[in-house]
Amino acid sequence: MRVQPYLFFEGRCEEALEFYREVLGAEVTMLARFGESPEPVQGMPAGFEKKVMHANLRIGDAEVMASDGRCSGRSGFQGFSLTASVASVPEAERVFAALADRGQVQMPLAKTFWAPCFGMVVDRFGVSWMVMAMPEA
């Protein structure tokens, strides 16, 4: 069994995918648009055909799935965080700063008893992230 997060960006999926490509080096391994569906999609707003019906995104060795969902414009990511564990403090600082750009810092990066640095941020799409540099062995 494998558990994977599925994020619904409610109309901003393509923008989010590009942001994660730039910031995290993510790779989009699959993308399908609503207009490509062989079956009609009911109850969607005008212009939804070019929106993302489904995408697979590889970030490091993890896979995340994403969609524009119902294209409501109101994404609601609550009750979880994605964690970016990186190899060094400078990489943690770079990733944290990029995720914080037009986002909201919840806990600034700082040394903790479990890691050389750890911080929490909500990115511009409302996704909560925990960023930490892995402790040296």
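The values are calculated or read from the model by the stated rules, or taken from the named source; none is laboratory data. These numbers come from a predicted model, not from an experiment. No Cβ is skipped: glycine too gets one built from the backbone with ideal geometry, and neighbour counts run over all protein chains shown. Heavy atoms of the whole protein, side chains included, go into the accessibility calculation; ligands, DNA and RNA do not. Shrake-Rupley method; radii C 1.70, N 1.55, O 1.52, S 1.80 Å.
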Gap separating the Cα centres of segment 9-64 and segment 81-134, nearest whole Å: 24
Net charge near V86 (other residues with Cβ under 10 Å of its Cβ; Lys, Arg +1; Asp, Glu -1) is -1
How high is the relative contact order of the chain, given as a whole-number percent (alpha carbon pairs under 8 Å, six or more residues apart)? 23
By per-residue mean of other Cβ atoms within 10 Å, what is the highest-first order of 109-122, 5-18? 5-18, 109-122
Give the carbon-plus-sulfur fraction of the accessible surface of the chain in %, rounded to a whole number; probe 1.4 Å, heavy atoms of protein chains only. 54
Given unit charges at Cβ for Lys, Arg (+) and Asp, Glu (-), the dipole magnitude of segment 18-137 about its Cα centre in debye, nearest 20, is 380
Under 5 Å between amide H atoms, partner at least 5 residues away or on a different chain: which partners does T83 have, H built in plane at 1.01 Å? M130
Residue by residue through segment 102-109, the couplings from Karplus 6.51 cos²θ - 1.76 cosθ + 1.60 with θ = phi - 60°, in Hz, x for Gly and Pro, are 6, x, 9, 6, 9, 8, x, 4
Please give the helix 89-100 orientation as an angle from the longest Cα principal axis of the chain, in degrees from 0 to 90, rounded to the nearest 10. 40
For segment 56-124, compute Rg over Rh where Rg is the Cα radius of gyration and Rh is the Kirkwood radius from the inverse mean 1/r over Cα pairs. 1.00
Residue-ordered couplings for segment 16-26, obtained by feeding phi - 60° into the Karplus form 6.51 cos²θ - 1.76 cosθ + 1.60 and rounding to whole Hz (Gly and Pro as x), are 5, 4, 5, 4, 5, 4, 5, 7, 10, x, 5
Using Cα pairs closer than 8 Å and at least 6 residues apart in sequence, work out the relative contact order for segment 56-134, in percent. 31
If Rh is defined by the Kirkwood formula over all Cα pairs and Rg also comes from Cα, what ratio Rg/Rh do you get for the chain? 1.03
The relative contact order of segment 16-63, taking Cα pairs under 8 Å that sit 6 or more residues apart, comes to a percentage of 45
Helix-only mean residue ellipticity at 222 nm, the chain, DSSP H runs n ≥ 4 weighted -39,500 (n - 2.57), per residue, nearest 500. What is it? -5500 deg cm²/dmol
